[in-house]
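S.K.: Sharing a structure with you now.
The values are calculated or read from the model by the stated rules, or taken from the named source; none is laboratory data. Here the structure is a predicted model, which is why all the values come from computation and not from measurement. A quick note on method: Cβ atoms are made from the backbone with ideal geometry, for glycine too, and the neighbour counts reach across all protein chains shown.
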Number of protein chains: 2
Amino acid sequence: MTTLNNYEYYQQRINNFLTVQLDKLKVNDERLLAAMRYGLLIGGKRMRPYLAYTTGEALGADLHDIDAIAASIECIHAYSLIHDDLPAMDDDDLRRGQPTCHKAFDEATAILAGDSLQTLAFDIIANHKFSQNAQNKQVELIRQLINAAGYQGMCGGQALDLAATNSEVDIASLEKIHSLKTGALLQASVLMAAECVVDIKAEHKAALAEFSQHIGLAYQVQDDIIDITSTEEQLGKPAGSDVAANKSTYPALLGLQAAKDKAENLFQQALQALATLPYNTQSLADFATFIVKRNH
Amino acid sequence: MTTLNNYEYYQQRINNFLTVQLDKLKVNDERLLAAMRYGLLIGGKRMRPYLAYTTGEALGADLHDIDAIAASIECIHAYSLIHDDLPAMDDDDLRRGQPTCHKAFDEATAILAGDSLQTLAFDIIANHKFSQNAQNKQVELIRQLINAAGYQGMCGGQALDLAATNSEVDIASLEKIHSLKTGALLQASVLMAAECVVDIKAEHKAALAEFSQHIGLAYQVQDDIIDITSTEEQLGKPAGSDVAANKSTYPALLGLQAAKDKAENLFQQALQALATLPYNTQSLADFATFIVKRNH
């Protein structure tokens, strides 16, 4: 990850900001708060926050505004992982090399921790002191987060993914699943950050939408590739878990080489979208490179 | 319920409005949407929507604004019931005389239906066309819903309730559990409706906060009472389920008569709070009466 510009800085920044958000909560049930903290702060590459920050930086947004964008999206991501790991869903014991939330605590607490983290995501945006750039954008930002997170976004994608397990789907269905399940939140990281830029043009938002759509899909294709080419040690969870879970993947549908070609193709399309923007987008191009070159 | 003013009208109104909200969603996974519909529309007394509407009516709010308030709160309530009924939580097979969501569908779908209904709650407020009275209130309304629903409200109360199961808690702890688990959303039904009234005075909001706090607690005391005094047929779920689940209840802690006295006392305090308001609050008084007189 060290090739990403300011990566460690932004990772530290979001961890600090998330810690402050949790510390603000009045203690009701300590165990529930501990489970929320565990799910939100134990490791995590912070890809979505990084993407939000680096987009904001490239476009000249106020990074204090991006704190709330990045944190709200990471709360949604964290809640989805906690729920996805539950026995009734993917039934995973390990996440980021550590026991999953329901293993470290219990199922009931994990369900409630996920529920509370979803609420916290909206809390962070609704209660953030945005700069003048974005202070009238709270409702619009909440709308974008809703679209990315709910039935029409991530939750819908997870349901389609569960429905597709144990059955072979075609490539169009697989793309729909991933554009909702993974792509929507990655795209929101870019577009919500762009929303905090004063007077950003519609055509530039459209180019950023295209960029983020391509890298969102590339991210998932690469995820599928590394699931079968990496080791458990690299992944922090068992390798080959998609195959073991009878999930449709790009390598399974296309073959490994064609999946790699697809990732490369998406990468090139992402770069083309960036090239139309009148901003210095080198760090976003680097992010796209990182997405398709990473091996864990 | 027929003693409540306009009860059938408001029940029909919220059911229609909720149906429209679900119909607006672009179909992704039909099974998930069906589970959301099931959890949201199958029966339910619609107490919270009724309370929001009748508050809005008493205070002269635009009822089109209250549609969104009532619907968002009911989505939070419905999601919480779906998750609370899960095997890892209260493990209930019946709700409103019908199979619970995870019985009618499956656990994974029920988890996702709850998650998506939480998002839908915020969706409804963020995307509603409010009247001029309330059009600048969306962020404030979302904040109030967050406080009622999340870690500092309903979710925190549910966690405290789970922690208290199988152990005897004192009356102060029991009140805290219920003020969060049940009271927060009932109070939000009143206060969010009041927020849609132009120039409502702080002292009147305070009186409504007091009223709703008392009836919220009275609701729970009465719920505990009817759990041991009503039949399965009246309840639509097994009677005595609190006792069977080793839950602390007001009758268990205070004795049945003292619990009844407490409900009556809370009822009187609620009426006193209403008496300070310069509105015709008869329908709110009737609601308070209903709360403590109902037997199912």
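S.K.: The conditions are (1) of a type outside the set (Gly, Ala, Ser); (2) assigned to a helix (DSSP H, G or I); (3) touching a residue at least 24 places away in the same chain (Cβ under 8 Å); (4) more than 20 Å from A:Ser283 (Cα to Cα), and A:Thr55 fails exactly one of them. Which is it?
M.R.: That leaves (4) as the condition not met.
S.K.: Return the residues of the range B:55-100 that are within 12 Å of chain A (Cβ to nearest Cβ), modelled with pLDDT of 95 or more and either closer than 26 Å to B:Tyr7 by Cβ or in contact with an Asp or Glu (Cβ under 6 Å, 6 or more places away or on another chain) (or both); say none if nothing qualifies.
M.R.: Within the range B:55-100, B:Ser72, B:Cys75, B:Ile76, B:Tyr79, B:Ser80, B:Ile82, B:Asp84, B:Asp85, B:Ala88 meet the criteria.
S.K.: Quick one: how many residues across the range A:1-16 are hydrophobic (A, V, I, L, M, F, W, C) and in contact with a Pro (Cβ under 9 Å, 6 or more places away or on another chain)? Please lay out each step first, then the result.
M.R.: From the range A:1-16, those hydrophobic (A, V, I, L, M, F, W, C) are A:1, A:4, A:14; that's our starting set.
Narrowing further to those that are in contact with a Pro (Cβ under 9 Å, 6 or more places away or on another chain): A:14.
Of the residues in the range A:1-16, 1 are hydrophobic (A, V, I, L, M, F, W, C) and in contact with a Pro (Cβ under 9 Å, 6 or more places away or on another chain).
S.K.: While we're on this one: Identify all residues within the range A:134-156 that are of a type in the set (S, T, N, Q), within 9 Å of another protein chain (Cβ to nearest Cβ) and touching a residue at least 40 places away in the same chain (Cβ under 8 Å); write none if there are none.
M.R.: Correct list: A:Asn147 only.
S.K.: Being surrounded by fewer than 23 Cβ atoms within 10 Å (Cβ to Cβ) and under 12 Å from A:Ser72 (Cβ atoms) is the filter; apply it to the range A:106-129 and report the residue that is farthest from the other protein chains (Cβ to nearest Cβ).
M.R.: Ranking the qualifying residues of the range A:106-129, first place goes to A:His128.
S.K.: Please verify whether A:Leu4 is within 14 Å of chain B (Cβ to nearest Cβ), surrounded by 15 or more Cβ atoms within 10 Å (Cβ to Cβ) and in contact (Cβ under 8 Å) with a residue 24 or more places away in the chain, treating the condition exactly as stated.
M.R.: no
S.K.: Quick one: how many residues across the range B:185-217 are touching an Asp or Glu at 6+ places or on another chain (Cβ under 7 Å) and touching a residue at least 60 places away in the same chain (Cβ under 8 Å)? Can you show your working first?
M.R.: Narrowing the range B:185-217 to residues touching an Asp or Glu at 6+ places or on another chain (Cβ under 7 Å): B:195-196, B:217.
The next check asks that each one be touching a residue at least 60 places away in the same chain (Cβ under 8 Å); those that pass are B:195-196.
Residues in the range B:185-217 being touching an Asp or Glu at 6+ places or on another chain (Cβ under 7 Å) and touching a residue at least 60 places away in the same chain (Cβ under 8 Å): 2 in total.
S.K.: Now for a separate question. When the residues of the range A:13-47 are narrowed to those that are under 17 Å from the mean Cα position of the chain (by Cα) and either assigned to a loop (DSSP other than H, G, I, E, B) or small (Gly, Ala, Ser) (or both), which ends up surrounded by the fewest Cβ atoms within 10 Å (Cβ to Cβ)?
M.R.: Of everything passing the filter in the range A:13-47, A:Gly43 is surrounded by the fewest Cβ atoms within 10 Å (Cβ to Cβ).
S.K.: Report yes if A:Tyr50 is away from chain B (no Cβ under 14 Å) and either buried (at least 20 other Cβ atoms within 10 Å of the Cβ) or in contact (Cβ under 8 Å) with a residue 60 or more places away in the chain (or both), otherwise no.
M.R.: Values: away from chain B (no Cβ under 14 Å): yes; either buried (at least 20 other Cβ atoms within 10 Å of the Cβ) or in contact (Cβ under 8 Å) with a residue 60 or more places away in the chain (or both): yes.
Criteria met by A:Tyr50.
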